[in-house]
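Every number here is computed from the coordinates shown, using simple stated rules; none is lab data. Fair warning: this is a prediction, and the values are worked out from it, not measured in the lab. All Cβ positions, glycine included, derive from the backbone under ideal geometry; neighbour counts span all protein chains shown.
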Amino acid sequence: MEYGVWRFVVVPGASELRIKERLEKLGATVELWPRLDRYDLHVRAGGTEFAIDVKEYRSPHRLIADLRAKAPSARVLLPQTHEYQWETLRVSLPSLQITTETKFHAEVRRALRSS
C-alpha cells in the first residue's frame, strides 16, 4: 500500500470507526460519512444531533492553514492522539467550533442523560 493512501485514507478512517464504536457503546446513534462525506460523523444522542469532522493532522500549523483555506462544514474533533493540539487551534481559529474526543464523549453522555 502506498504511503499516501495509508496516511490520508486508512489512518483517518480507522479513527472515525473507533470513535463511532465508542459513541455507540454510550448509546448514541452514529452515521459515518453522511452527505457524501461532507463531514465524518452524524451523531444523535437523545434529542441532540451533532455534525463532526474528525481532523488528525501531525502538524497543527498545517491543520490551521487547511481550515483557514476551507472552513469545515461541521464541528472539528481532534482524536485522543491529537488532543494536545486543541489549545493551539482554539487560539488560532476562535470562530470555529473545535472539540476533543474526550470533551465530545462527555457532551454526548450529558445529552443522553438529559433525554
*Calculate one ³J(HN,Hα) per residue across the range 26-31 by plugging θ = phi - 60° into the Karplus curve 6.51 cos²θ - 1.76 cosθ + 1.60, and present them in order as whole Hz with x for glycine and proline.*
6, x, 7, 9, 10, 10
*What residue among P79, P34, P94 shows peak mean-square fluctuation when the chain is described by a Gaussian network model with Cα springs under 10 Å?*
P94
*With each run of n ≥ 4 DSSP H residues scored as -39500 (n - 2.57), what mean residue ellipticity at 222 nm is computed for the chain after dividing by its residue count and rounding to the nearest 500 deg cm²/dmol?*
-13000 deg cm²/dmol
*Roughly what percent of Cα-Cα pairs across the chain reach past 23 Å?*
27
*asked:* Once R0 is set to 30 Å, what does the formula 1/(1 + (r/R0)^6) return for the Cβ-Cβ distance between A65 and D37, expressed as a FRET efficiency to the nearest 0.05?
replied: 0.90
_Distance from the range 17-60 to the range 72-115 (C-alpha centre basis), Å_ = 11
